[in-house]
Each structure stands twice: as C-alpha cells, then as structure tokens.
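Q: Quick one: the structure is below, questions incoming.
The values are calculated or read from the model by the stated rules, or taken from the named source; none is laboratory data. Being a predicted model, the structure only gives us computed values, none of them experimental. In this analysis, Cβ positions are derived from the backbone assuming ideal geometry, glycine residues included, and neighbour counts consider all displayed protein chains.
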Amino acid sequence: MFLQHAPEFKTAEVFSEMPTHLRRTGVPSEWARVNRGGAEMDSFLEGPVFDGEGNLYVTDIIFGRVFRIDPRGSWTQLIEYDGEPNGMKFLSKTELLITDYKNGLMLLNIESGVIAPYLKRRNTEGFKGLNDLTFDSQGNLYFTDQGQSGLHDPSGRVYRLRRSGHLDLLLSNVPSPNGVVLSPDERVMYVGVTRGNCVWRVPLMPDGGVAKVGQFFTSYGPSGPDGLAMDIAGNLVVANPGLGYVWLINPRGEPIAVWSSPKSSAVTNIAFGGTDNQSLFCTESESGTILTMRMPYPGAKVHQP
C-alpha cells in the first residue's frame, strides 16, 4: 500500500482496570473453552458505550455481566444473568439494547436491573450469535450476526431492524461480521470482518438495499478487525485484537495513526467519550482493562431512537 505519509505510531494509556473483587479467577466457562482455547479467564470485556453523564458501560461476555464505570474509573456491577452480552447501545436514557450471542437482542433497564428479550429470533429461526450494533438518525438499528462464521463458512449476516419492526437482511455472506458503524452522512455502512481480516464498505441505497459492497481496509495477523467507531471528519477507527492495535483510517482506506496496547493484545471494542467527546476508550479484554487515547477529531454522534 502506497501512503503519502506513514501512519504515526502511539501507545494507548490505561484508564481503569477491573477491580480484583469483580474478577472470576479460577472459574471455568464453556465460552472460554470454545473461543479462547480453554485458557483460564476471569472476564472478557466488550461493548463500551457512554451515557449522558459520562459513565461508561461495558459487558463481560463470559459471565453475563454488565458494569458501569464512572468518570473517575470506579466500577459497579449492574447485572449478572444467563447470557453472553457483547455490544451495547442506548435505546433510551434508562435502557441499554444488548447484542447477546446466546439470547439475541436483549433490553436492560439500568435503573431496575431488569433484563428481558427484545428480539430473540427471525421468522422462528434463531440467530447464529449476535455481536454488535448501531442506530442511524431515523432510529433504524443495524446489527451483526457473527456466530462461528469465517472463511470456512462465510455465512455471517448483517441486519437492519426498522422502527416499523420490519427486519431487513442486508448481507448474508460475511466471514465473521463484527463491529458495525455508519458514515456521518449515513450513506455507507462499515463492517469489521474479523476472520476475513478486513473491513467491508457497504453503500446503502435509496431503495433500502445495498450494492457494490467492497473491501475497504485489509489488516493482517491472527485476528482481524473487531469494534468500529467513526469521527466527525469521516475517519474510521478500528480495534484490531490480533495485533493489539487501534487504527485510524481516512476515507480513502489509508492508516493515518496507530495506537498499540500497553497491556495484552485483545483490543476488542471502542467508544468516543470524555468531556469533549475527543477521547477514545477501548476494552482490552484479556487483562480486564479500559484503555484510552486522545484522537485528532471528536467522535461522530452516536444516535439513539
């Protein structure tokens, strides 16, 4: 790849680490056995999202937990339930919509701690395993159905759930769809394709369909792009757990900056936050750590219905 300028390399900083009393040390799990080669893990953080008061919410996939981290870095567990929660977005000021690998879309009331199904399956068929989600400015929900898909089985899906309740299947041939985000003008959807080690660019057509889907960015290493975010200048931010990198990619698909993790390499998902929305926060899932890095532009607006 020819670049006019080589990307700037930086190192992320640690914002907060999961306290010892919340770690499940020595507790085996089926999720870790299948997805992490049987390694002993006390948590696996994902799904960062901010509320209007600057609190950060994250999930723990392995043990079905959701945490709130205040602006000072203090942790509170909101819930533990029989699920595998991953991505989250606010549906209202008090409700978090969760892509749950085990249960489909779930709705959590952060005040009462009550969690309930929102959309468990499509036309009586269960999902493969939901991963991440985003809203557009009209309240339509885009979400990825990853499961165990990959290059051996490119059958991962991306859906759009309209405010009317109509569910559109936009893509059905993705080898591991993961993070999903829209361009600032909402004409393009980007999808992190983890096991394809790339990001797809998906034009959204006026008739509601997609066309001319292409590969926008290609990574390398043992595990590809995971969570995605967008800044106000139209630059794409990509968490890459195989490398322990967070990429900043311009609209031409060129890396302009790279941050490396000072902890383990599993940088899985990202969200803009801080008082000016110009700091990026990242879940480093293997160490139970929240990383932070200062970005050149503020994040694009994260919509909720």
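Q: Against the definition (in contact with a strand residue (DSSP E or B) (Cβ under 9 Å, 6 or more places away or on another chain) and free of Cβ contacts under 8 Å to residues at least 24 places away in the same chain), how does ASN35 come out, yes or no? Show your work before the answer.
A: Numbers: in contact with a strand residue (DSSP E or B) (Cβ under 9 Å, 6 or more places away or on another chain): no; free of Cβ contacts under 8 Å to residues at least 24 places away in the same chain: yes.
Judged against the criteria, ASN35 is not a match.
Q: Cβ-Cβ below 9 Å, separation at least six or inter-chain, first residue in region 11-26 and within 14 Å of ILE62 (Cα to Cα), second assigned to a loop (DSSP other than H, G, I, E, B) and charged (D, E, K, R): which pairs?
A: These pairs meet every condition: LEU22/ASP42; ARG23/ASP42; ARG24/ASP42; THR25/GLU40; THR25/ASP42; GLY26/GLU40; GLY26/ASP42.
Q: From VAL174, VAL181, VAL202, which residue is among the β-branched types (Val, Ile, Thr), closer than 17 Å to ILE270 by Cα and buried (at least 19 other Cβ atoms within 10 Å of the Cβ)? Full working, then the answer.
A: Details: VAL174 fails: closer than 17 Å to ILE270 by Cα; VAL202 fails: closer than 17 Å to ILE270 by Cα.
Answer to the selection: VAL181.
Q: Here's something else I'd like to know. Only one of GLY288, GLY299, GLY196 is modelled with pLDDT of 95 or more, under 21 Å from ILE61 (Cα atoms) and crowded, with 21+ Cβ neighbours inside 10 Å. Can you tell me which? Full working, then the answer.
A: Details: GLY299 fails: under 21 Å from ILE61 (Cα atoms); GLY196 fails: under 21 Å from ILE61 (Cα atoms).
Answer to the check: GLY288.
Q: Follow-up. Just checking, how many residues over region 112-150 are more than 17 Å from ASP168 (Cα to Cα), in contact with a Lys or Arg (Cβ under 6 Å, 6 or more places away or on another chain) and outside any strand (DSSP E or B)?
A: 1
Q: Restricting the search to region 151-176, which residues are at positive phi and at pLDDT 95 or above?
A: Our first condition is that a residue be at positive phi; within region 151-176, this holds for 165, 176.
Listed by number, the list holds a single entry, SER176.
Q: Here's another thing I want to ask about it. Residues in region 123-166 that are more than 21 Å from PRO184 (Cα to Cα), surrounded by 14 or more Cβ atoms within 10 Å (Cβ to Cβ) and of a type outside the set (S, T, N, Q): how many?
A: Here is the first cut: in region 123-166, the ones more than 21 Å from PRO184 (Cα to Cα) are 123-131, 145-157, 164-166.
With surrounded by 14 or more Cβ atoms within 10 Å (Cβ to Cβ) added as a condition, the list becomes 127-131, 145-150, 154-157.
With the extra rule that they be of a type outside the set (S, T, N, Q), the set shrinks to 127-130, 145, 147, 150, 154, 156-157.
Of the residues in region 123-166, 10 are more than 21 Å from PRO184 (Cα to Cα), surrounded by 14 or more Cβ atoms within 10 Å (Cβ to Cβ) and of a type outside the set (S, T, N, Q).
Q: Hey, can you tell me all the residues within region 265-294 that are farther than 21 Å from MET88 by Cβ, of a type outside the set (Val, Ile, Thr) and touching a residue at least 24 places away in the same chain (Cβ under 8 Å)? Working first, answer last.
A: Residues of region 265-294 that are farther than 21 Å from MET88 by Cβ, as a first pass: 265, 275-276, 278, 294.
Checking which are of a type outside the set (Val, Ile, Thr) leaves us with 265, 276, 278, 294.
SER265, the sole residue that qualifies.
Q: Scan region 156-182 for residues that are over 17 Å from ALA239 (Cα atoms) and assigned to a loop (DSSP other than H, G, I, E, B) and report the count. Don't jump to the end; show me each part of the working.
A: Step one: filter region 156-182 for residues over 17 Å from ALA239 (Cα atoms), giving 156-175.
After this cut, where a residue has to be assigned to a loop (DSSP other than H, G, I, E, B) as well, the list is 162-166, 175.
Within region 156-182, residues that are over 17 Å from ALA239 (Cα atoms) and assigned to a loop (DSSP other than H, G, I, E, B) number 6.
Q: Suppose we keep only residues that are polar (S, T, N, Q) and outside any strand (DSSP E or B) within region 235-252. Which one would you say is surrounded by the fewest Cβ atoms within 10 Å (Cβ to Cβ)? Walk me through how you get there before you give the answer.
A: Going residue by residue through region 235-252, those that are polar (S, T, N, Q) are 235, 240, 250.
Going one step further and asking which of them are outside any strand (DSSP E or B), we end up with 235, 250.
Numbers: ASN235: 21, ASN250: 16.
Checked region 235-252; the qualifying residue surrounded by the fewest Cβ atoms within 10 Å (Cβ to Cβ) is ASN250.
Q: Turning to a different aspect of this structure: Quick check on region 272-279. Is at least one of its residues part of a loop (DSSP other than H, G, I, E, B) and more than 20 Å from GLY52 (Cα to Cα)?
A: Filtering region 272-279 down to residues part of a loop (DSSP other than H, G, I, E, B) leaves 274-278.
Next cut, more than 20 Å from GLY52 (Cα to Cα) only: none.
No, region 272-279 contains no residue that is part of a loop (DSSP other than H, G, I, E, B) and more than 20 Å from GLY52 (Cα to Cα).
Q: Another one. Could you check region 183-202 and list, in sequence order, the residues that are under 14 Å from GLY234 (Cβ atoms) and among the charged types (D, E, K, R)?
A: Within region 183-202, ASP185, GLU186, ARG187, ARG201 meet the criteria.
Q: Any idea which residue in region 71-115 is farthest from LEU161 (Cα to Cα), counting only those that are surrounded by 15 or more Cβ atoms within 10 Å (Cβ to Cβ) and among the basic types (Lys, Arg)?
A: Within region 71-115, the match that is farthest from LEU161 (Cα to Cα) is LYS102.
Q: Hey, another quick one. Identify all residues within region 79-104 that are without any contact (Cβ under 8 Å) to a residue 40 or more places away in the chain and assigned to a strand (DSSP E or B); write none if there are none. Can you show your working first?
A: Of the residues in region 79-104, the ones without any contact (Cβ under 8 Å) to a residue 40 or more places away in the chain are 79-83, 85, 94-95, 100, 102-104.
Across region 79-104, the qualifying residues are ILE79, GLU80, PRO85, GLU95, ASP100, GLY104.
Q: For region 280-299, indicate whether the set of residues that are among the basic types (Lys, Arg) and not in a strand (DSSP E or B) is non-empty.
A: So the first thing to find is which residues in region 280-299 are among the basic types (Lys, Arg), and the list is 294.
Filter once more, keeping what is not in a strand (DSSP E or B): none.
No, every residue in region 280-299 fails to be among the basic types (Lys, Arg) and not in a strand (DSSP E or B).
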